[in-house]
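As structure tokens, the structure follows; a few thoughts come after it.
The values are calculated or read from the model by the stated rules, or taken from the named source; none is laboratory data. Because the structure is a prediction, the values reported are computed rather than measured. Glycine gets a Cβ as well: all are built from the backbone with ideal geometry, and neighbour counts include every protein chain shown.
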Amino acid sequence: MTTVKTELLTHIKAKYSIIALQTSEEARAIRIIGEIAADPQTVKRQVYIGSITKGLYPADDEKSAGYCAPIDLLNSVEEQQNQTKPAPTIYILLDQHEAITNDITYRRKLRDLQTLLKAKNSTIILISPTVEVHPDLSKTITVFDLPLPDKVELEEILCTRVKYLQKQVKTLRDEITSKPEQTAQIQKKLDTLVPITEALIKQATEQKDAIVSALQGTTGGEADQTIAKCIVLKDLNISTILQEKKQIVKKSGALTYQETDETIAGIGGLKNLINWGKSARNRFTETARKYGLTPPKGVIFVGAPGTGKTLSAKALSNLFNIPLLTLTMAEMTSKYYGQTGNNMIAAIKLAQAMSPCIVFVDEIDKMFGTSGGNEHEESARTRGALLTAMEESTGIFWLATCNQPTALAPELLARFPTVFHVDLPSVTERREIFSIHLKKINRDPGKFELDRLTSVSEGYVGREIRNALQEALGQSFDENVEITTDHIVKAIRTITPTSVQRKDDISRIRKWCELNARPANEQPEKPESPTTLEADLNKELEI
């Protein structure tokens with residue numbers, strides 16, 4: 001029995017008279033409540049369903065009474081419960097959240113019904129996608145969240161679909177006996193259906209764990225639709241499931257399912273970070289778990305813009321071979337009061353259901369910087385939801401980048417057990433970066449003066465090197481000649497490097513990281529006098 005089912009059962013048996021169940025899976029919630037009510041060994045209740053469009057009706061006999069105002073639904077409940085010896089009943093009332101929030105008469109009626117329902121061994125369960133308990137009802141309503149289906153429930157959904165395929169085959173075979181005159185047509189259908197069914201059953205049996213894992217993070221209805229689509233395509237393909245899952249995540253508006261081709265081979269330098277990543281990857285294995293190790297909780301990369309923090313984050317996702325979900329405030333923010341915090345909570349629930357996964361927050365200092373003393377209530381609630389999730393969630397690897405570590409609230413920074421300082425690339429690292437990007441434009445690094453390029457690019461970050469190469473490539477294309485070292489040097493000299501533009505910031509970051517972070521670079525660049533670097537740059541620009 002699922003945890004929420006057990007909790008509901010316990011509260012119903014304990015005569016909790018008014019319960020709110022927050023979920024967008026209305027049908028699934030009704031099914032779970034129906035299972036509880038039908039079990040004679042537990043509570044044995046009759047079930048009524050009420051909505052503003054259909055009124056109040058028995059769950060097993062849906063006869064619409066037409067429009068019914070929320071307050072009239074409660075009046076109908078009261079009328080039934082005031083009958084002589086009414087049967088213990090569970091009343092499932094749908095979408096009553098607006099009435100709870102805005103109608104004082106409705107709230108008063110709920111409170112009036114509380115004692116009556118308790119005496120009659122009956123319960124109202126309010127089901128809606130959002131639940132905001134008004135202060136008037138804080139001592140009246142008990143609130144539950146219906147979590148997304150776990151592996152056991154998803155496996156049941158898969159098995160139900162497979163059994164339906166088997167039932168189709170059996171039905172056709174029975175028709176051969178009952179309709180002998182149609183044997184040829186029915187046999188033709190069977191000749192097509194049986195091989196497909198057998199192949200799908202074989203896939204479902206052999207790849208059951210992988211299919212169920214791929215479905216995690218979906219609602220029951222979404223999982224069923226995804227499996228149905230695979231059956232229509234005659235292939236329970238994991239990639240098809242993941243493609244559907246990406247659409248589901250996208251529709252949620254809370255997270256972005258990010259695909260990336262970046263690998264650690266595409267990172268120039270940062271050997272310490274890469275070695276850490278390889279070690280951390282092994283902590284996700286079953287062998288590590290049996291050894292007593294827990295998977296790492298997260299890591300944050302601190303450094304100036306363009307140093308490869310985001311690139312490294314994407315590469316880690318491929319290294320760990322788990323989904324990368326991006327969290328952005330643009331997707332979170334809502335103009336409606338309270339909705340931004342709700343979006344954050346929904347994002348966290350979705351990530352938890354999809355675990356193991358990486359939740360990536362780029363430039364977290366801009367999203368959740370220090371609040372000072374004037375933080376808006378909604379911002380505080382959103383940040384609080386994130387802090388709680390980072391502390392309590394399991395199976396989520398939290399990965400963030402940060403340009404200004406001093407802007408982060410200490411309690412947020414403390415949630416990252418590992419902090420890496422991604423500094424300006426060293427001579428060796430710049431050489432690697434040039435080689436990587438030259439290969440990406442289908443050029444042989446051996447045909448370029450890499451020593452000269454690494455020398456003239458001192459103080460430049462990876463993004464600036466990449467941009468310089470593209471500028472040089474464009475220039476050579478316009479001249480209708482092959483790109484040369486001179487083209488690249490000329491392009492580099494047109495760019496004012498980050499080390500000059502943000503010299504004070506870099507100095508502060510380095511000072512902070514000396515005490516608070518480990519170096520991502522194997523050979524960190526020695527801090528160079530900004531004055532000297534600026535002078536060299538000015539000299540080059542004059543040439």
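Tabulated values for the structure
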item: Restricting segment 446-496 to residues that are over 23 Å from residue 426 (Cβ atoms) and of a type in the set (A, V, I, L, M), the residue that is surrounded by the most Cβ atoms within 10 Å (Cβ to Cβ); result: 483
item: Hits in segment 127-143 - residues which are surrounded by fewer than 19 Cβ atoms within 10 Å (Cβ to Cβ) and in a strand (DSSP E or B); result: 142, 143
item: Restricting segment 1-27 to residues that are among the aliphatic types (A, V, I, L, M) and surrounded by fewer than 20 Cβ atoms within 10 Å (Cβ to Cβ), the residue that is nearest to residue 218 (Cα to Cα); result: 27
item: Tally of residues being in contact with a Lys or Arg (Cβ under 9 Å, 6 or more places away or on another chain), surrounded by fewer than 13 Cβ atoms within 10 Å (Cβ to Cβ) and on the phi < 0 side of the Ramachandran plot across segment 29-79; result: 4
item: Residues located in segment 441-499, provided they are of a type in the set (S, T, N, Q) and assigned to a loop (DSSP other than H, G, I, E, B); result: 442, 457, 480, 484, 494, 496
item: Any pair with Cβ under 9 angstrom, 6 or more apart, that starts in segment 344-362 at a residue that is closer than 18 Å to residue 246 by Cβ and ends at one that is crowded, with 20+ Cβ neighbours inside 10 Å and charged (D, E, K, R); result: 354/245; 360/314
item: Selection from segment 402-431 of residues that are outside any loop (DSSP other than H, G, I, E, B) and in contact with a strand residue (DSSP E or B) (Cβ under 6 Å, 6 or more places away or on another chain); result: 402, 405, 407, 418, 419, 420, 421
item: Qualifying residue in segment 208-226 (condition: of a type outside the set (S, T, N, Q), more than 23 Å from residue 355 (Cβ to Cβ) and touching a residue at least 12 places away in the same chain (Cβ under 8 Å)); result: no
item: Residue within segment 433-441 that is touching a residue at least 12 places away in the same chain (Cβ under 8 Å), aromatic (Phe, Trp, Tyr) and not assigned by TED's automatic domain parsing to the domain that holds residue 316 present; result: yes
item: Unmet requirement for residue 452, which otherwise passes all of (1) free of Cβ contacts under 8 Å to residues at least 60 places away in the same chain; (2) under 37 Å from the mean Cα position of the chain (by Cα); result: (2)
item: Residue satisfying all of: in segment 96-126; of a type in the set (D, E, K, R) and in a loop (DSSP other than H, G, I, E, B); nearest to residue 46 (Cα to Cα) among these; result: 120
item: Condition met for residue 277 (not in a loop (DSSP other than H, G, I, E, B) and not hydrophobic (A, V, I, L, M, F, W, C)); result: yes
item: Contacts under 8 angstrom Cβ, first residue in segment 28-43 being under 19 Å from residue 219 (Cα atoms) and at pLDDT 90 or above, partner in a helix (DSSP H, G or I) and among the small types (Gly, Ala, Ser), 6 or more apart; result: 28/220; 28/221
item: Selection from segment 290-303 of residues that are without any contact (Cβ under 8 Å) to a residue 24 or more places away in the chain and under 23 Å from residue 217 (Cα atoms); result: 294
item: Residue list for segment 8-56, restricted to those being hydroxyl-bearing (Ser, Thr, Tyr) and part of a strand (DSSP E or B); result: 48, 51
item: Extreme residue, surrounded by the fewest Cβ atoms within 10 Å (Cβ to Cβ), among residues of segment 231-283 that are over 30 Å from residue 428 (Cβ atoms) and hydroxyl-bearing (Ser, Thr, Tyr); result: 239
item: Subset tally (residues that are out of contact with any strand residue (DSSP E or B) (no Cβ under 6 Å at 6 or more places or on another chain) and at pLDDT 90 or above) for segment 44-56; result: 4
item: Enumeration of residues in segment 246-281 that are touching a residue at least 60 places away in the same chain (Cβ under 8 Å), closer than 16 Å to residue 357 by Cα and touching an Asp or Glu at 6+ places or on another chain (Cβ under 9 Å); result: 254, 255, 256
item: Residue within segment 501-515 that is surrounded by 12 or more Cβ atoms within 10 Å (Cβ to Cβ), among the small types (Gly, Ala, Ser), closer than 30 Å to residue 406 by Cβ and in contact with a His (Cβ under 7 Å, 6 or more places away or on another chain) present; result: no
item: Residue, modelled with the highest pLDDT, within segment 378-401, restricted to residues that are aliphatic (A, V, I, L, M) and out of contact with any strand residue (DSSP E or B) (no Cβ under 7 Å at 6 or more places or on another chain); result: 387
